[in-house]
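Readers should treat all values here as calculations from the given coordinates under stated rules, not as data from a laboratory. Since this is a predicted model, take the numbers as computed values, not measurements. Note that we place each Cβ from the backbone using ideal geometry, even for glycine, and neighbour counts take in every protein chain shown.
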Amino acid sequence: MRFIIARHAETIYNAGARMQGNGAHTPLTRAGIVQAEAMGAALAEHLRGAPDIDIWASPAGRTLQTVSIIAEHLGRDFFDVRTDPRLLEIDVGDWAGRLYADVVAEQGAIMCPDRRVFTAKPPAGEWYPAIATRLRSWLDDLDQARNVVVISHGLALRVLRGMLSGGEVFEGVPLAKEGSQGSIFEIDNGEQRELYLGKGQRFEAA
């Protein structure tokens, strides 16, 4: 089973270094729209048109806006895109909507600078094993005979790519290396390669 996994393009929250969470709709910036166009062009070239492949996305507004542009490049109807809440980003709980700088000023360091991952659990939020559990549930429900394109989020996709191709174990969960916004990876039989390097930032909770 082949996976093509893409991180959504830049949003107004990404540009402002603000925690997004999953409640609010955080639309793409103009730079993000350009990134999504580039993602769509890269995928169209790689897939050579519109093959018979399933397209999945997180139901968050930023992923749907990104995938709507990608779908046009692939010649696919946006309403063919399948959504699943199990593909959402980490739930940042009480941090949602807040500036990273304000959270750090209040709580101290919350991220590992080397791994670029949260080292403090968001209050009333989610932690890595819970992300892995819901992603495993989604994987188990897939039609194993179908190849898929997945448009989701930074940290959730690091967990998903780690589960599919291995990665450094953190908090009991394998994490793949970070990919900037708009990046696309292909995983085939457990082997991962980067198809396209996005031009976006590398903020987590993205």
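What is the ratio of the Cα radius of gyration of segment 98-199 to 2.2 N^0.38 Å, where N is its residue count, to two decimals? The value comes to 1.17. The long axis of helix 128-141 is offset from the longest Cα principal axis of the chain by roughly 20 degrees. Loop-located trypsin sites (Lys or Arg not before Pro) in segment 1-72 (DSSP state not H, G, I, E or B) with no more than 10 neighbouring Cβ atoms inside 10 Å: 48. Note on residue 191 and residue 127: their simple-model spin labels are 3.7 nm apart, each label 7 Å out from Cα toward Cβ. The structure-derived value of Rg/Rh (Cα atoms, Kirkwood Rh) appears in the list [x] 1.01; [y] 0.94; [z] 1.04 under the label [y]. I need the Kirkwood Rh of segment 50-126: take the reciprocal of the average 1/r across all distinct C-alpha pairs and report it in angstrom. Kirkwood hydrodynamic radius for segment 50-126: 14.9 Å.
Helical content alone sets the calculated 222 nm signal of the chain at -10500 deg cm²/dmol, taking -39,500 (n - 2.57) per DSSP H segment of four or more residues and averaging over every residue. Peptides 74-83, 169-178 ranked from most to least packed by the mean count of surrounding Cβ atoms within 10 Å: 169-178, 74-83. Taking Cα atoms only, the orientation of helix 30-47 departs from the longest principal axis of the chain by about 40 degrees.
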